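The values are calculated or read from the model by the stated rules, or taken from the named source; none is laboratory data. Quick caveat: nothing in here was measured; it's all calculated off a predicted structure. Cβ sites come from the backbone with ideal geometry, for glycine too, and all protein chains shown count toward neighbours.
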């Protein structure tokens, strides 16, 4: 059995539904769950916006001292801090699950995950690096950003049920209880930098370099897209497995991603249909509707820490705090 899950708050349910729909159409035998970092009690959805995928609220998965953890983090940090706890939950409560895979909600899956599942047969885990090749400019993001925010993108990670993986996930849980901060001065960018240790602590982790995996704004310098007979390809002959639309807002459809300044969507004609597809899916799945729901766990921004991060970033990176606040 294979389980795929995502994590979001109610305001991102349009993205989660779009991900679920794409998984169902391409991989109907895989179980899909939404890990909800929110509270459903007292929330009433219009009938057409009731998600058809099971939602597991974060306070129901048995995180010890979760209230303290929720109080410690802002909503971005909290959504990422609970990731290993959901892995533990699924491995514990679904004993027939051999593989558990995480995708960020702002992803569309375009193909059967056959290659990924084959990799998990031969390796304990699968990661995708942000980039496979050097970047030839100083625009955002570049290699220096990835050194600070993580070599691997944690919008995707896949684990096989092994004793070593379960031990690693427990270690990851303890790190994220207190150290899932956006605090680059102290080497922290939510959950991502901790994943640099996975290939060290768990032998034979597969680093997936296929350009059809986790295509996103950070690796567009090395990837071109085409549509042939209703199938998307990357770099001519690699089927697009999944695209990560990080930083895209259907209310501003001309902007490829608010987290980068390397490419204009108007200049990347190979991306036009991919982004039209995503925009239409989000609108159909209620993006503007769900955005009206405030998250139960949202906390005021800790101004002092964010000013410190902004000051540190301003000189070497030209990054803004808005570019860091993702879910």
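Things worth noting here:
- Segment 179-199: number of residues that are part of a loop (DSSP other than H, G, I, E, B) and in contact with a strand residue (DSSP E or B) (Cβ under 8 Å, 6 or more places away or on another chain): 5
- Scanning segment 234-265 for residues being assigned to a strand (DSSP E or B) and surrounded by fewer than 17 Cβ atoms within 10 Å (Cβ to Cβ) gives a total of 2.
- Selection status of residue 210, in contact with a strand residue (DSSP E or B) (Cβ under 8 Å, 6 or more places away or on another chain) and touching a residue at least 60 places away in the same chain (Cβ under 8 Å): yes
- Among residues of segment 139-167 that are at positive phi and in contact (Cβ under 8 Å) with a residue 60 or more places away in the chain, none has a beta-carbon under 8 Å from a residue that is part of a loop (DSSP other than H, G, I, E, B) and buried (at least 16 other Cβ atoms within 10 Å of the Cβ) at least six positions away or on a different chain.
- Within segment 23-34, residues that are without any contact (Cβ under 8 Å) to a residue 12 or more places away in the chain reach partners that are surrounded by 18 or more Cβ atoms within 10 Å (Cβ to Cβ) and part of a strand (DSSP E or B) with beta carbons closer than 8 Å, at six or more positions or on different chains, in the pairs 24/32.
- Exclusive hit being out of contact with any helix residue (DSSP H, G or I) (no Cβ under 9 Å at 6 or more places or on another chain), on the phi < 0 side of the Ramachandran plot and at pLDDT below 95, set 252, 314, 299: 314
- Residue list for segment 220-249, filter: at positive phi and touching a residue at least 40 places away in the same chain (Cβ under 8 Å): 247
- Scanning segment 44-74 for residues that are more than 27 Å from residue 177 (Cβ to Cβ) and touching a helix residue (DSSP H, G or I) at 6+ places or on another chain (Cβ under 7 Å) yields 49, 51, 53.
- For segment 200-233, the set of residues classified as outside any loop (DSSP other than H, G, I, E, B), more than 19 Å from the chain's Cα centre (by Cα) and over 18 Å from residue 248 (Cβ atoms) consists of 200, 201, 222, 226, 227, 228, 231, 233, listed by residue number.
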